[in-house]
Structures are given as structure tokens and as C-alpha cells.
Amino acid sequence: MYKILDADKLSENIYRMVVDAPMVARHCEPGQFIIAKAYEEGERIPLTICDYDREKGTITIVFQPIGVSTIEMAKLKAGDSFEDFVGPLGRPSDLIDTPVEELKKKKIIFIAGGVGTAPVYPQVKWLHEKGITADVIIGAKTKDLVIMEKEFKEVCNLYITTDDGSYQRKGMVTQCLQDLIEKEGKSYDHCVAIGPMIMMKFVVKMTKAYNIPTIVSMNPIMVDGTGMCGACRLQVGDEIKFACVDGPEFDGFLVDFDQAMKRMTMYKTEEGRALLALQEGKTHHGGCGMCGGDQ
Amino acid sequence: MAADPKMLVKVPVREQDPKVRATNFDEVCYGYNAEEAVEESERCLHCKNAKCIQGCPVSINIPEFIAAIRKKDFKEAYNVISESSALPAVCGRVCPQESQCEGQCIRGIKGEPVSIGKLERFTADWAREQGIRPDPAKEKNGHKVAVIGAGPSGLTCAGDLARLGYDVTIFEALHKAGGVLSYGIPEFRLPKSAVVDQEVENVKNLGVRIETNVIIGKSITVDELLTEEGFEAVFIGSGAGLPMFMHIPGENANGVFSANEFLTRNNLMKAYREDYDTPIHCGKKVAVVGGGNVAMDAARTALRLGAEVHIIYRRSEEELPARKEEVHHAKEEGIQFDLLCNPVEIHVDENGWVKGIRCIRMELGEPDASGRRRPVPVEGSEFDMDVDTVIMSLGTSPNPLISSTTIGLDINKRKCIIANEEDGQTSKTGVFAGGDAVTGAATVILAMGAGKAAAKGIDSFIRSKGN
């Protein structure tokens, strides 16, 4: 069992938990992920590591409940435990293996969207510890959904933009990036984008035009997270890659986002049914009128 | 002397009716009861130079346990088997007996061999029902050994070492022990809580600790186990690895799965049960590509989830690598075999889902390196099949997680770990390996044989250090 030492809400629907997992905390690096399973019947949920403390032996995860298992996970409080918590999985961010002198010469921009803001944090924090202050754009739909502003402010130059303009800048993250480059005299030679696939797709479209090499962190459907099932396969250039062992970070210019987004819908029907069953109890959710599930 | 005609055939085993079992996940084969087992045991000739023992990768003293069954001393039969095998209830169900013990049986020259597998299963099931477990070692020797992977090879190696008095810890990457027995082989062939979990408990009962959720190479490395954690030797039994795909157009479409994914969702995550959260997608018409045991398992699982299922295999029936019993059961249940054909493309609809598969007919040419006749495409023979799900069951390639993070561990061209067959020794001192991580995808019993050999190898390695 893996004890939850701290649990809080970062916004209306985004949860943060600090979990006791010494073996993961001892070996993890920014960019890697864990898989958590809250209870016996639960699904294995892959989550990018959002912070770690090697001395205390803790891992911080941030997630948004969307399916049955994550909704149940969100109900856990400090003092409760995850039944399973395994990692670190995937490869660390390439930044970790780049010599610090080389990194210092680079102008790096991080672009974070929604719940994807959280996994950007360990990378930005890591750079800050090495004496490098990166620019970071956080994008959210509206003011209440902006998360971790305080933590980020301490480790980077922060730009916040909301779709509805309810907080700081108005518009998508791509608008903000364009403004920084076109109107505010900024230039970048490395970009890391983490957020919804649709956001990463449009960021890459723009950074391609500006010729800024861009790394994206992919979060496709997974089961085991060790390369065994192949559910997380992605088309990257002319190769098929497994996000769990070859990623989760890839060259954004090479990722086929349209295919990846289609693959994300694979279990929508089954998950929708399970969610309805959770919300409404054992009523009929087959939708066919024939299976007898409503009797 | 004329043989009694009754002695020429096996005592038939009771099975669930094919029509009924095609709609449930309960075990297909009921196995022998005591009376049937005793009757079958009378067919054994008790050969002096027993060929069946040579055919068994873990060298169970087969005539001796069968003789005990004949005397109705089932406990003694269990003790004889337990000397050689930690997982008899599993092996009695999933071993390819026809090419091992039963393949060597003298009875089989004229008529059918003795039903050794079913007798082994009976003995193990009887012991479980009586609550009989193998005895732990009387004395611990104080030496620590780490075993990577709680599958057939790891459980066997750990069990044998524990019996010799070693302090053994198994590290398992998944949240559940059993390896392929838990994630791969379906419930209807190998019941999980009744059989697999019980045999894992038996191994634990020998004093073996199992730590789940530890990925060697990620959570901790082999070198750290040896230098920082105080383990004197490590056995790598990490299993088969990454699923292979065909690299044909449309393979990333929604509705194309590896057999590993499909089976893991169903078996480990229990997606077929309403009370488990993990989803599984199985369409109305499924093509399973491949002809091995895993392909049969995937096909029969899809059938039970309500689909019409076709096996697509590029060679002919004779070359099907699956156990005969699995092919026979699959056919009985209504799986359709499309032999001598091979997929060339998967058709995808505008939403990214599978809508069909294009295949080409094959014919058999000259034998290849494997000794099997090589399938050759028949030019211009392409045809389309309407399917909405495709399950690729083409084998696996080894997972580089351990080999790439262990200093001085050599692998071969196929990326399998190089290890001696007789004692499991690898290129790295103190590190042994066996099972699919060494051989590539093979059988449960061969992995167990390798685990057994490595346990001996580890024991003599630690003894030779003179402490």
C-alpha cells in the first residue's frame, strides 16, 4: 500500500496528492511517469510525475477525474492509500542529459495547458536549480482553472493566458506565444509543450513555422506501462513508437497528432457506459433497447 | 497376448459443453475425479527406463506419482510431483504434453499415451482441496537471492531456492504475481483465484517474499540489487516483452490490438467482469492473426465476449504452433480457421476505426530454417474480409528494460539475454537468467525448466564462494 500524505484541490476539478513511494522518489527524473491503481477493481492510471522529494521519499501527482477509476481516486484523502503505485516509467526528459553549459546557452519556452501544467513543473524547477530561468506560458479556459501559479512564479518567468480573458492575458497559448515573439521581442530555440493533444498539435504547428524545435509529452491509453501491451503506440515520423518505453516525450514535429487523438477515443463508448452506471446506478446503459439491461 | 482394447485409449475427461462454454469464462475441462484418475493410472506400464521423465522439462518422476495414484495414496503422489514442480495445477492444464511426457509414452506407440497431464492436474487439485501445501525448508542458510519476475520461471527458481534454505525475494513489475499465468492465459483455461493464486501462495508458503510494483531497470537496477541491497545472486525471469506488429497499412487504427493488450485487459484487469473498471473493446467480427497458443486464447476470449471469430494463419493446419487440445477446443466452440492466408492491409473508416482486412492467399514452398515449409504469397490472390476488430498475435521481442540498464549483461542478435542452458549463468557474475527473456516466447514448462536449472546454478555459485 502507498499512503497518501497530503491531498488537496488545485481548482474545481483538479486534484493533487503527495504519495509515499520511496523507491520511485529515489530513482525518478523530470519527464517520467507513474501508474497508480487505487483499489482492486480499479483501472491502472498513468500520470506524469509533478514533483518528487528524494529525502522524504514522496511523489506528487496531479489529475483530473474523467472516468470511473479517477473519480473514485479523487475521493481519497490524506491518510488513505493507493493499492498500487509503480514507477518511474518512461524515459526522463532529454534536458536532463544535456550538459548544463549547453542548456544555459538556450532560450527555452515551456507551454502548459490545463492539467498538463503540473508535469511541466519538475522540468522548470530542475532547470531553475541549475541556474536557468525559462519562460513558461500557462493556458487555461478560465481564471478558476489556472493552477500552481505561486509555485511556478518562484522558478520561472511566467505568462498566464485564459481563453475567456478572465485572468491576465486573453486567448489560447498559441496567441500568447505569437505575441511574445512578434510583439514583445522574445525569441526561443527550444520549446516543451505539455497539455491536451489538441493544444500540443497547434503549438507544434506554430513552432514549426518559427522553426523552434519542440518536445511534446504524450499521454495515450496505456495498460501495463512497461512495453508489454502496445496500446500506447504512436506514429512518430515513419516509425511506430510505444509512448511508455520510447517516450513519453517525443519530437513534436514528427508526431501524428490526428491519429493519436483518434486513438484516445478508443474506449469512449465503454467508458461512457461505465460512467453512467456509476452516476445513475444500475439502470440500462446499453442504448440498444434489446439487451435487457434495463429490466 | 492381445491387449485389452480398453487399455488402448485414455479414460475420457469431462468437459463443459462447447455451446455453453462459448458464452462463459468458466473452466472448459473439468478434469478427472478420483475414480477416473485411478482407472487411468492403471494404464501406466511403469517402464524401468521411463521415457516420459526424459520428456519432462522439470523431470517429474512420472511413473512413481502414477503408481501412488494407483494405490490411492494421493498425498504421496503430490509429494512426488512437488519434489520437481512448484506449479503442478498449472502444468497439468497448460503444458504441451503431446510433445513432452505423453509424446514419449510407450503406451502411445499402440493407441493413446497415458493421460499424464490430467493425472498431474488431478493430484494437484486434490491436494489443494485438502489444504495440503509443500513444506518449507527446515533451516534458512542466510544467503539472499533476488528473482526478477513472478512468472513460471521466477516462481520455480524462487521455490527451489527457498526449499534449499535461501532467503528469496521476487520483484514483480505488475500489481499481481503470476506473470503470463495471470495476464496472458485466460480464466477458462487456467482459473485465477482457484488455481494460479493458490500455487503462488504455495511458493510464498515456502518462505518466498513477493514484492509487486517494482520494475527492475526503472525502480531499481540489477547492479543496485547486488551492490546495495545485499543480494548475492540475481535470477532474471522477466518474460517475453514487447508485442510484434506486421507493419502493414492501417495497423494503428482503432480496433487493432496486440493479443497482449487484449488478454491483459481481460485476464489481469478482468475487463469481462462488470465490477472491474478497465474497459475492453471487442467488435462483432474479429480477425486474430497468428496460430500459436496466444492466438487461440485471444480468439476464444473474443468469442466469449460475443464476437464471430476468424483465425488468420499463413501456414496450414499441420504447422499451427498451438497445442492440439487448444485448436480442437477452439474449433468445437466455433472459431473459424482461415489458413494459408496472410494480411496485407487493414481497411480504416473515416473515424479511424477498422472496417476490414485485406489478405493474400499463401502456398507452402521449401522448408525454411525452422524446418517448416515456408509460406509464399500467391500473386493476385488478394481478398477482403469484413471485420471490425483485428488482434495481432505474432509473438514478442525481448524487453530491453533490464539488459539496457545492467552493466556487462550480454544479449544476442535477437536481443535475448545470453545464458547457459545447464545453469542459467549469464555474462555477468552472480546474474542468472531463464525463460522467455532468454529463449524468446516459448512455453510455461520450458520457462519452469530454465528456472529450475538456474536455481541449481545459483546454489552451486553461492556454495563455490566458500561461505
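We did not get these values from a lab; they are worked out from the coordinates using the rules stated. These numbers come from a predicted model, not from an experiment. Cβ placement follows ideal geometry from the backbone for every residue including glycine, while neighbour counts extend to all protein chains displayed.
At 222 nm, what value in deg cm²/dmol follows for the protein assembly as shown if DSSP H runs of at least 4 each add -39500 (n - 2.57) and the sum is divided by all its residues, to the nearest 500?
Values: 28 runs with 235 residues, N = 762.
Estimated from H runs of four or more residues: -8500 deg cm²/dmol.
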- Calculate the spin-label point distance for residue A:107 paired with residue B:427, positioning each point 7 Å from the Cα along the beta-carbon direction, and give it in nanometres. 4.7 nm
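Please report, largest first and rounded to whole Å, the three semi-axes of the ellipsoid equivalent to chain B, where each semi-axis is the square root of five times an eigenvalue of the C-alpha gyration tensor.
On the way: eigenvalues 249, 181, 87 Å².
Equivalent ellipsoid of chain B: 35, 30, 21 Å, largest first.
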- Message: What whole-number distance in Å separates the alpha-carbon centres of segment B:232-280 and segment B:1-46?
- Response: 33 Å
- Item | segment B:243-396: radius of gyration and largest Cα-Cα distance (Dmax), Å | 15.2, 51
- Message: Rounded to whole Å, give me the distance from the Cα center of segment A:62-113 to that of segment B:136-160.
- Response: 35 Å
- Task: Using only the Cα atoms of segment A:2-89, each taken as one equal point scatterer with no solvent, compute I(q) by the Debye sum, divide by I(0), and report log10 of the ratio at q = 0.10 Å⁻¹.
- Result: -0.20
- Item | Centre separation in Å (Cα based) which lies between segment B:175-228 and segment A:1-40 | 23 Å
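Which whole-number percentage describes the relative contact order of chain B, with Cα contacts under 8 Å and a sequence gap of 6 or more? List each step's numbers first, then the result.
Details: 1008 pairs, mean separation 71.7, N = 467.
Rounded, it is 15 percent for chain B.
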- Note on the structure: Along the dipole axis of segment A:31-142 (charges at Cβ: +1 for Lys and Arg, -1 for Asp and Glu; origin at the Cα centre), the most positive-end residue among A:66, A:31, A:128 is A:128
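Take the residue pairs A:107/A:208; A:150/A:186; B:176/B:218; A:186/A:208 and return only those whose Cα atoms are more than 20 Å apart. Provide the component values of the computation, followed by the final result.
Details: A:107/A:208 16 Å; A:150/A:186 23 Å; B:176/B:218 18 Å; A:186/A:208 16 Å.
The pairs that break the limit, which is 20 Å between Cα atoms, are A:150/A:186.
Sort segment A:103-218 into rounded, prolate or oblate with this rule: let a ≥ b ≥ c be the square roots of the eigenvalues of the Cα gyration tensor; rounded if a/c is under 1.5, and if a/c is not under 1.5, prolate when a/b is larger than b/c, oblate otherwise. All intermediate terms of the calculation are to be shown ahead of the outcome.
Details: a/c = 1.39, a/b = 1.10, b/c = 1.26.
The shape class here is rounded.
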- Note on the structure: Which of A:46, A:248, A:196 fluctuates most in a GNM of chain A (C-alpha springs under 10 Å)? That residue is A:196
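First check a/c for segment B:223-330, with a ≥ b ≥ c the square roots of the eigenvalues of its C-alpha gyration tensor; if it is under 1.5, answer rounded, and if not, answer prolate when a/b is larger than b/c or oblate otherwise. If you can, show how the numbers build up before the last one.
Working: a/c = 2.02, a/b = 1.59, b/c = 1.27.
Here segment B:223-330 falls in the prolate category.
For peptide A:262-270, how many partner chain Cβ atoms fall within 10 Å of a residue's Cβ, on average? Mind showing how you got there, number by number?
Values: counts 7, 5, 1, 4, 9, 7, 3, 2, 6.
Taking all residues of A:262-270 together, the mean is 5.
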- Message: When a/c reaches 1.5 or more, the comparison of a/b and b/c decides; with that in mind, is the protein assembly as shown rounded, prolate or oblate per its Cα gyration tensor?
- Response: prolate
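Relative contact order for chain A using alpha-carbon pairs under 8 Å, separation at least 6, rounded to a whole percent? Walk me through the intermediate numbers first.
Details: 590 pairs, mean separation 44.8, N = 295.
Relative CO of chain A lands at 15 percent.
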- Normalised by the residues of segment A:2-89, what does the relative contact order come to in percent, with Cα pairs under 8 Å and at least six apart? 40 percent
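Antiparallel versus total DSSP beta bridges in segment B:243-396: what percent is that, nearest 5?
Numbers: 15 of 32 bridges.
If we restrict to bridges inside segment B:243-396, about 45 percent are antiparallel.
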- Task: Among B:69, B:123, B:30, flag the residue with its Cα farthest along the positive direction of the charge dipole of segment B:5-129, charges on Cβ as +1 for Lys/Arg and -1 for Asp/Glu.
- Result: B:69
- The simple spin-label model distance between residue A:184 and residue B:248, using points 7 Å out along Cα→Cβ, in nm, is 5.2 nm
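I want the antiparallel fraction of DSSP beta bridges within chain B, as a percent rounded to 5. Before the final figure, lay out the partial values.
Values: 19 of 52 bridges.
Just about 35 percent of them are antiparallel.
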- Task: At a Cα cut-off below 30 Å, give the lysines reachable from residue B:19, other chains included and same-chain residues fewer than 8 away excluded.
- Result: A:282, B:6, B:10, B:118, B:192, B:270, B:284, B:285, B:324, B:331, B:355
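Let me confirm one metric for peptide B:268-281, namely the mean number of other chain beta-carbon atoms within 10 Å of its residues' beta-carbons. Please list the in-between numbers first.
Values: counts 4, 7, 2, 4, 0, 1, 4, 2, 7, 17, 13, 13, 2, 5.
Taking all residues of B:268-281 together, the mean is 6.
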